[in-house]
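Colleague: Below you'll find the structure I mean.
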Amino acid sequence: MIRVMIADDHPVVRGGLRDGLTAEADMAIVAEAGNGIEAEQVAMEYRPDVILMDLSMPHRNGIDTMAAIKQKFPKVKVLILTVSEQGDDLARAVRLGADGYLLKNTSIGNIVAAVRRVAAGESILSPDLAATLMKGIKEEVTGPPLSARETEVLQLLAEGLTTSGIAKRLRLSPATVGTYVSRLMEKLQLKNRASAIIYAARHYPATKK
């Protein structure tokens, strides 16, 4: 069972997300919050697996709230849910450890799928949002050289493929792909797969579709 928390200051939005996610047999809404301060307190009490976090909330925004929660509970997964497509917002969210970034016009079916993917260790960031994200990145990212296979895996991450999708494309086992991804994270000192997408978009722009 995936334990989900919803943090949004609009009751109607929380209600829609609650109805959509509780209809799934493998999900349970364990907590809700209507502002940033409350969200941190509730997360500390209920320790959810995945938090759906609104970007704009009273008292403290979603990004700062996420950072505070991640500092205490680094294993919790956070999906930022917002109407903002600003590159600066995207970049700051990813830098501080967001596991995904969804727009509020995303269908409930896609949100459900995103929660499952994030709970399984994936990151949610479409190639289109990756392009927007690049506008919010000011500094150059540098890192050690990668092997040919590591580069392939990184490029496919940038295309938005899941672990199983990369495994199918490269004719490898999902476990082997997972090992490559973990090695990339360590070698490039990246926080998550969304950070890897940023890295790939900067260093391998020709691979974007």
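Colleague: Ala93 versus (1) crowded, with 21+ Cβ neighbours inside 10 Å; (2) farther than 18 Å from Ala196 by Cα; (3) among the hydrophobic types (A, V, I, L, M, F, W, C): which is the lone unmet condition?
Modeller: With respect to (1) crowded, with 21+ Cβ neighbours inside 10 Å; (2) farther than 18 Å from Ala196 by Cα; (3) among the hydrophobic types (A, V, I, L, M, F, W, C), Ala93 is out only on (2).
Colleague: So, in segment 19-35, how many residues would count as being within 13 Å of Ile51 (Cβ to Cβ) and among the β-branched types (Val, Ile, Thr)?
Modeller: Within segment 19-35, residues that are within 13 Å of Ile51 (Cβ to Cβ) and among the β-branched types (Val, Ile, Thr) number 2.
Colleague: Also: In segment 128-137, is there at least one residue being surrounded by fewer than 19 Cβ atoms within 10 Å (Cβ to Cβ), under 30 Å from Leu17 (Cβ atoms), modelled with pLDDT of 80 or more and among the small types (Gly, Ala, Ser)?
Modeller: Checked against the condition, which is being surrounded by fewer than 19 Cβ atoms within 10 Å (Cβ to Cβ), under 30 Å from Leu17 (Cβ atoms), modelled with pLDDT of 80 or more and among the small types (Gly, Ala, Ser), segment 128-137 yields no hits at all.
Colleague: Conditions first: (1) under 27 Å from Met66 (Cβ atoms); (2) touching a helix residue (DSSP H, G or I) at 6+ places or on another chain (Cβ under 6 Å); (3) surrounded by fewer than 21 Cβ atoms within 10 Å (Cβ to Cβ); (4) at pLDDT 75 or above. Thr163 passes all but one, so which condition is the exception?
Modeller: Every condition holds for Thr163 apart from (3).
Colleague: Would you check if there is a residue in segment 68-78 being under 16 Å from Ile2 (Cα atoms), among the aliphatic types (A, V, I, L, M) and in contact with a strand residue (DSSP E or B) (Cβ under 8 Å, 6 or more places away or on another chain)?
Modeller: yes
Colleague: Just to be sure I understand, how many residues within segment 154-177 are touching a residue at least 24 places away in the same chain (Cβ under 8 Å) and of a type outside the set (S, T, N, Q)?
Modeller: The qualifying residues number 6.
The values are calculated or read from the model by the stated rules, or taken from the named source; none is laboratory data. Because the structure is a prediction, the values reported are computed rather than measured. Positions of Cβ are generated from backbone atoms using ideal geometry, with glycine treated the same way; all protein chains shown enter the neighbour counts.
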